[in-house]
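The values are calculated or read from the model by the stated rules, or taken from the named source; none is laboratory data. These figures come from a predicted structure and were not determined experimentally. Every residue, glycine as well, gets a Cβ built from its backbone with ideal geometry; the counts of neighbours run over all protein chains shown. Ligands, DNA and RNA are stripped out before the accessible areas are found, and what is left, the full protein with its side chains, is counted by its heavy atoms. Shrake-Rupley method; radii C 1.70, N 1.55, O 1.52, S 1.80 Å.
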Amino acid sequence: MAGKERDRRITDVGTLKALAHPLRAQLYRRLIIARSATASQLADQVDEAVSLVSYHLRKLAEHGLIDEAEAQSADGRERWWQPASEGVSIRDEDFRDAPEKAAAHTAASRLFLEQRADMYRRYLDERAHWSDAWTTASDSSEWLLRLTPDELSELSKEMYALVRRYEERGRAADDTEGRENVAVYTYGFPFRT
């Protein structure tokens with residue numbers, strides 16, 4: 001995805017709602033992983049009808065989240081899709097100026113959390129089928145820190161930069177031997193006891 005915007009910042013409710021549909025969020029995530037795919041390839045992955053997947057891909061395209069990709073086969077009937085950017089960024093500050101915007105942001109955040117939790121639950125259920133190397137390398141950690149807002153922001157930026165370096169390393173690697181898709185989730189938020 002060379003030359004693409006790093007993370008498109010979503011600031012409007014319409015685009016947020018388009019992405020926050022459960023199937024669309026799944027399709028977008030799978031396109032980020034695959035880099036490009038057809039509706040039929042994605043339909044097989046999510047176990048949905050091709051027509052339904054095509055409809056949702058067009059909705060994502062209407063909001064500029066994905067666009068048509070160069071065909072990867074000689075079949076001219078296939079329509080290939082790719083993410084329009086290397087990811088998206090959704091920030092609370094862009095949605096807190098009106099109650100309906102804040103509610104949409106909260107609903108989207110909850111959906112993304114549930115989908116991430118489902119991915120981790122699936123890993124836990126399938127862990128016995130992964131090699132010792134992968135189960136040893138896998139991590140689940142919790143840190144309870146005392147920070148200022150500035151320190152939390154700094155920590156987030158440092159973690160983001162670190163993960164991006166590994167992402168670029170994985171995408172640039174010529175060898176695919178031993179490589180798998182890896183999900184890394186972090187949440188940094190205040191709480192009171």
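Scanning the range 141-172 for residues that are within 26 Å of R127 (Cα to Cα), open to solvent by less than 90 Å² (accessible area, probe 1.4 Å) and outside any helix (DSSP H, G or I) yields one hit, S141.
When S40 is tested against the conditions (1) in contact with a helix residue (DSSP H, G or I) (Cβ under 6 Å, 6 or more places away or on another chain); (2) closer than 28 Å to T11 by Cβ, the lone failure is (2). Looking only at residues in the range 1-52 that are assigned to a strand (DSSP E or B), in contact (Cβ under 8 Å) with a residue 60 or more places away in the chain and in contact with an Asp or Glu (Cβ under 8 Å, 6 or more places away or on another chain), the one that is surrounded by the most Cβ atoms within 10 Å (Cβ to Cβ) is I10.
One line per residue, one yes/no per condition, for (1) over 21 Å from G188 (Cα atoms); (2) of a type in the set (K, R):
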{"site": "L60", "(1), (2)": "yes, no"}
{"site": "I66", "(1), (2)": "yes, no"}
{"site": "K101", "(1), (2)": "yes, yes"}
{"site": "R110", "(1), (2)": "no, yes"}
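Scanning the range 108-140 for residues that are part of a loop (DSSP other than H, G, I, E, B) and either among the β-branched types (V, I, T) or open to solvent by 80 Å² or more (accessible area, probe 1.4 Å) (or both) gives W130, D139, S140. In summary, strands (runs of 3 or more DSSP E) completely within the range 57-107 and bearing 3 or more residues that are within 15 Å of I10 (Cβ to Cβ) and open to solvent by less than 70 Å² (accessible area, probe 1.4 Å) occur at 88-90.
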